[in-house]
Structures are given as structure tokens and as C-alpha cells.
Amino acid sequence: MRRVLIVLGAFVALALLLAVVGALLPVGHTARVRLELGTPPATVYGAIADVAEYPAWRSGLDSLTVVSTTPRLRWRESSTTGTMEFEQVAAQPPRRVQARILGAKEQGFGGSWTWDLAARPGGGTILTVTERGEVYNPLFRLLSRYFISPYASLERYARDLASHFGESPVPERLTP
């Protein structure tokens, strides 16, 4: 019985230590990737803004439902990581799109993605995708900080978008 209590106490102490370390980490993070495409900005913008077509070219996306188009575009994505609802909060064709995750507090994480597009000298597009994320639960914050790359989703999206245009550039990680 004594050994059971020692093992149980060790697990509780470890959980408390992990929670304290997680609580000391910042809630927010920023990750950015840059991608150079040979496709014109208006065409790239069209693909980014047409969320209803995402299932045709985004890997890992099981389904997408457009929830509403007014007053703002809202959609729900289901993927291997779960279901999330987004709202487009800014659209400036063909330069910028910004969306945020809805219901963030209930999910334990939230944030926004911003797609900035610029004409590339000589033709094409320079796309910068920025994630400003927040992880509210200290244990999940610890896990996301040390075991889950904040760049993974951004890089996957960028590779899928490039592939959609028949291109294969590698996204470049940028320091925030």
C-alpha cells in the first residue's frame, strides 16, 4: 500500500510541476511562413478566399461547411485534429485575408491566421501566412510549446496551396 501511495504521490507531483511550468509559459505565440509562387497574386488570393473549395486541395481536411456568408463569411472545418469554426475578419483583394477561430475559450485554444500577398519581382506572388495563436490550458501550452510545432499547420497549408497551382516550393519559416 505504501508503494502505491508513493507512486500516486509522484504522479501528482509531476502533474503539478508540469502545470506550473506550463503556467509560466506565454499564452500567445506567433509563427510565420513565406512562400514564393509563380502564380499571380489575384489567382492565389482567389484560392485562399474561396474556402468552399478547400476540400479539393487541402490535405488532412475531411470536410468543410460554409456556415454563413453575411455579415461575415463563417465556415466549419473538420480534420484529423478536430472541428473548428472560423470567421473571416478582413478581406482586401488581392493583398490580404484574415480569419479567426471562433469558440476559442471553449476549445482551450484560439487565434487567427493572416495571409499577406505581394507581387513578386518578375511575376508571381510572395505569400506570408501568420498564425497568432493562444493556448489557454497550461498543460496543453507546455505540450504545444515543446512537442507540437506551431509551424506544422502553416507549412502544410502552404505546400498544399503550392501543389494546387502545380508548384512545389518549400515554405520558409520566418522569425516573428
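The values are calculated or read from the model by the stated rules, or taken from the named source; none is laboratory data. From a predicted model like this one, the values you see are computed outputs, not experimental measurements. Note: ideal-geometry Cβ built from the backbone for every residue, glycine included; neighbour counts use all protein chains shown.
Let me confirm something: among Ser78, Ser68, which residue is without any contact (Cβ under 8 Å) to a residue 12 or more places away in the chain and among the small types (Gly, Ala, Ser)?
Numbers: Ser78 fails: without any contact (Cβ under 8 Å) to a residue 12 or more places away in the chain.
Exactly one residue qualifies, and that residue is Ser68.
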Close pairs from segment 45-58: first closer than 12 Å to Pro93 by Cα, partner of a type in the set (Phe, Trp, Tyr) and part of a helix (DSSP H, G or I), Cβ under 8 Å, at least 6 apart: Ala47/Trp57
Within segment 1-87, helices (runs of 4 or more DSSP H) holding 2 or more residues that are of a type outside the set (Phe, Trp, Tyr), surrounded by 15 or more Cβ atoms within 10 Å (Cβ to Cβ) and under 23 Å from the mean Cα position of the chain (by Cα): 41-49
Which numbered condition Gln98 fails, given (1) surrounded by 15 or more Cβ atoms within 10 Å (Cβ to Cβ); (2) out of contact with any helix residue (DSSP H, G or I) (no Cβ under 8 Å at 6 or more places or on another chain); (3) farther than 18 Å from Arg74 by Cβ; (4) not basic (Lys, Arg): (3)
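Can you confirm whether Leu154 is within 21 Å of Pro171 (Cα to Cα) and either among the β-branched types (Val, Ile, Thr) or crowded, with 19+ Cβ neighbours inside 10 Å (or both)? Step through it out loud before you land on a result.
Values: within 21 Å of Pro171 (Cα to Cα): yes; either among the β-branched types (Val, Ile, Thr) or crowded, with 19+ Cβ neighbours inside 10 Å (or both): yes.
Yes; evaluated as a whole, the condition is true for this residue.
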Filter result (out of contact with any Asp or Glu (no Cβ under 9 Å at 6 or more places or on another chain) and either of a type in the set (Ser, Thr, Tyr) or in a strand (DSSP E or B) (or both)) within segment 120-134: Glu131, Arg132, Gly133, Glu134
Residue list for segment 88-119, restricted to those being under 22 Å from Arg156 (Cβ atoms) and either outside any strand (DSSP E or B) or among the hydroxyl-bearing types (Ser, Thr, Tyr) (or both): Ala104, Gln107, Gly108, Ser112, Thr114
First in segment 122-143 and within 17 Å of Arg100 (Cβ to Cβ), second anywhere and modelled with pLDDT under 95 and of a type in the set (Phe, Trp, Tyr), Cβ under 9 Å, 6 or more apart: Glu131/Tyr151; Gly133/Phe109; Glu134/Phe109; Val135/Phe109; Tyr136/Phe109
